[in-house]
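All remarks here apply to the structure that follows.
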Amino acid sequence: MSVRSTARILGCALLLVVGVFALPAWTSAPNASRPGSSSGTAGPAPVPEYAENGMVVSAKKRASQAGVSMLKKGGNAVDAAVATGFALAVVHPYAGNLGGGGFMVVRMPDGSVTTIDHREDAPSGATQDVYLDDDGNAVRQRSRRGYLASGVPGTVAGLLTALDEHGTLDRATVMAPAIRLAEEGFPLPHTMAEDLNDRYEAFAEFSATKKYFTKGRASAEYRAGERFVQSDLARTLKRIRDKGKAEFYEGRTASLIAEQFQANGGLIDAQDLAEYEAVERDPVTATYRGYEVHSMGPPSSGGVAIAQLLNAAEMRDIDQMGFNSSATAHYIGEAMRRVFADRAKWLGDPDHVEVPTEGLIQKDYMRERMASFDSSRITPTDSVRAGEPMLAGESMETSHYSVADSSGMAVSVTTTLNSGYGSKVMIDGAGFFMNNEMNDFVLKPGVPNQFGLSGTKRNLVAPDRRMVSSMSPTIVETPEGELSLVIGAPGGSTIITTTFQVIMNVIDHGMDIEQAVTAGRIHHQWKPRHLSHEEFALSRDAVRNLRARGWEVTEGVFGGIPRWGRAQGLRVTQSGDEGRVFYGGSDPRANGAAVGF
Ligand code: DON
């Protein structure tokens, strides 16, 4: 790791520490943004962004501004989300994308909720054998870098399906900010300039990537503030603007992708692209202390896992137990172990395998799963295994953005290339990165993916199948049915535990949205066996108490999980005649921004 990367990580850690502990009390947000009691001990965080007409929170300020510009034109939350998504593909190439996929949860003004699954699917030539060597061992790198790593991209289909079905503005209007940012360029933030320079070697391996994202020589570096123009990407966006989805999947962009993949030993061909479709699915809905929580169903594991975690948390008075006390961490750590064991066993693509979603999210099922909980000791590791939910017939580098408008419409989107800059392959002539989502499949039972997640044959590589995800775009409504919270995060397996803890921070601990996304977190994913915590998330006292109960407690990053979730959320409150009020919370772990209107 370069000195600059280390400095950046230290910088982020410092920011987090400052955010959690050191800011003065006057930075606390108004109580109106805090629904519950306020026993949170995470300390004050920066004031949430405040607005009266709508809010967009994303990983990049320019993308949030692109979204808000749609609201200002009279567009709705979907118009704003689609503009934000395309703008992220330009200003956040690390994770924003045209060559990746994601999930979108949409709440209509009348309170109905739908989701648009635009997860990548496996090319028709993808079989398990492609990722195994002659001895049957998984060759992990094939699913992580280069031409075998990509699934068929879903982002363009997802965004444009959302626009067609639920938007009000035309394609040209919502894509205009992205096209302008690509064509005219934008000043490179220092973090992005450093990141591109640090990745020279990885980028130089692929000719188009070397052309677009390096200056040709290792010694020629990007500088903060220089204008970053992406002309071919601008042309691609204009073609999509003029001809729609069909251009990306059957037109010139499709030919550029298919020809480059076929010429380089990749699997994606013209037919895979032509056959790709975004799928509208029902959300997974859970209740939590009277609130209604809508999140993403399979092939994402996010909604199911969050529902299970909330069902476990609801059985205890988490507020009384205290924010990140040893009692709370012990209890939710045990819930996380059980939930991730279930994830590994049961989750898959619902169009290819039966996923017992309804059984897993039942409150009684989680009650049964937590029956072995012992407040004084951890459940022995070997005895924590997946449960047996009822099957349906009998009674699973990323970026998140949250949008809400004045009508009560809200959109929660998590999008990804998987790793930062995906497979590192860019499409020549089209100017965008391809994903490395194939690593989210189980390459071989027992072999964990890059986030340390394992699974069963339900998530094996198979033609046209969608790989299980942890992405958890979520929308929460109050017990009265009003829009309350739009939330989600990137971060691999920590997406689930991040989203869950932000919801608890707001509902149980009464934090405002900025405090809730800033507060230190814990994470357990069944395997590896460690209970992880962010620096300063647990006191020494809590760590001692947890160790005494048998936990292996690890501070910080562990087991191949590269980062903690970086949540982007917003809170909506409504009082009397005053209408809706919006509070935006952008995680200080990222360089994002909440922009209100
Ligand atoms: O779908 C998933 O669960 C992963 N591909 C997400 C990857 C991710 O969050 C990386 N970002 N930090």
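Values quoted throughout were computed directly from the atomic coordinates according to the rules given, and no laboratory measurement underlies them. Fair warning: this is a prediction, and the values are worked out from it, not measured in the lab. Every residue, glycine as well, gets a Cβ built from its backbone with ideal geometry; the counts of neighbours run over all protein chains shown.
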Rg to Rh quotient for the stretch 511-593, alpha carbon positions, Kirkwood Rh: 1.12
Inter-part distance where the stretch 462-539 and the stretch 45-81 are each reduced to a Cα centre, Å: 21 Å
Cα gyration tensor shape of the stretch 178-241, rounded if a/c is under 1.5, else prolate or oblate by comparing a/b with b/c: oblate
Label-point gap, in nm, between ASP110 and GLU165 - each point 7 angstrom along Cα→Cβ: 1.6 nm
The stretch 314-450: radius of gyration and largest Cα-Cα distance (Dmax), Å: 19.6, 61
Estimated [θ] at 222 nm from DSSP helical runs (n ≥ 4, -39500 (n - 2.57)) normalised by residues in the chain, nearest 500: -10000 deg cm²/dmol
Per-selection Kirkwood Rh - the stretch 479-538 (Cα, Å, 1 d.p.): 12.5 Å
Distant alpha-carbon pairs in the stretch 263-304 (separation over 16 angstrom), percent: 59 percent
Residue (of PHE432, ASN459, PHE248) at the positive-pole extreme of the chain, dipole from beta-carbon charges: PHE432
Principal axis dimensions, largest first and in whole angstrom, of the stretch 297-358 by Cα: 43, 16, 14
Overall form of the stretch 90-206 per C-alpha gyration tensor (a/c, 1.5; a/b vs b/c): oblate
Packing rank of 403-414, 92-103, where each peptide gets the mean count of other beta carbons within 10 Å, highest leading: 92-103, 403-414
For the stretch 382-515, average projected area of the Cα convex hull in nm²: 13.2 nm²
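For GLU275 and SER124 in the same chain, what is the full-extension length gain: residue separation times 0.36 nm, less their Cα-Cα distance, in nm? List each step's numbers first, then the result.
Numbers: separation 151, 0.36 × 151 = 54.36 nm, distance 1.01 nm.
Between GLU275 and SER124, full extension yields an extra 53.4 nm.
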Derived scalar couplings ³J(HN,Hα) [the stretch 550-556; Karplus, 6.51 cos²θ - 1.76 cosθ + 1.60; whole Hz; x for Gly, Pro]: x, 6, 8, 9, 10, 8, x
Inverse mean reciprocal Cα-Cα distance (Kirkwood Rh) of the stretch 178-329, Å: 20.2 Å
DSSP beta bridge pairing in the chain, given as percent antiparallel to the nearest 5: 90 percent
Estimated FRET transfer efficiency (HIS190, ASP364; beta-carbon r; R0 45 Å; 0.05): 0.30
By average C-beta atoms within 10 angstrom, highest first, the peptides 198-206, 465-473: 465-473, 198-206
ARG540-ARG385 pseudo-label distance in nm [points 7 Å out on the Cα-to-Cβ vector]: 4.1 nm
Percent of beta bridges antiparallel (DSSP, the stretch 353-499, rounded to nearest 5): 95 percent
Length-normalised contact order for the stretch 149-222 - Cα pairs under 8 Å, 6+ apart - percent: 19 percent
Exposure proxy ranking, count of Cβ atoms within 10 Å, fewest first, for ASP364, ASP134: ASP134, ASP364
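Note the full-extension length gain between GLU482 and GLU552 as 0.36 nm times their separation in residues minus their Cα-Cα distance, in nm to one decimal.
Here the answer is 21.1 nm.
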Rg and Dmax [Cα atoms of the stretch 336-389; Å; Rg one decimal, Dmax integer]: 12.2, 42
Potential extension, ASP242-SER219 segment - 0.36 nm per residue separation minus Cα distance: 4.3 nm
Cα convex hull of the stretch 355-427, projected area averaged across orientations, nm²: 10.8 nm²
Dipole magnitude (debye, nearest 20) for the stretch 374-521, charges at Cβ of Lys, Arg, Asp, Glu: 780 debye
Gap separating the Cα centres of the stretch 173-248 and the stretch 91-139, nearest whole Å: 22 Å
Inverse of mean 1/r across different Cα pairs in the chain, Kirkwood, Å: 23.6 Å
Net charge dipole size for the chain [Lys, Arg +1 and Asp, Glu -1 on Cβ; Debye, nearest 20]: 1660 debye
Amide H within-cut-off set for VAL139, under 5 Å, with H built and near neighbours excluded: LEU132, ASP133
Protection proxy ranking, peptides 106-117, 543-554, average beta carbon neighbours within 10 Å, highest first: 106-117, 543-554
HN-Hα J in Hz across the stretch 50-65 - Karplus 6.51, -1.76, 1.60, θ = phi - 60°, x for Gly and Pro: 10, 7, 10, 10, x, 7, 10, 10, 9, 6, 9, 4, 4, 6, 4, 5
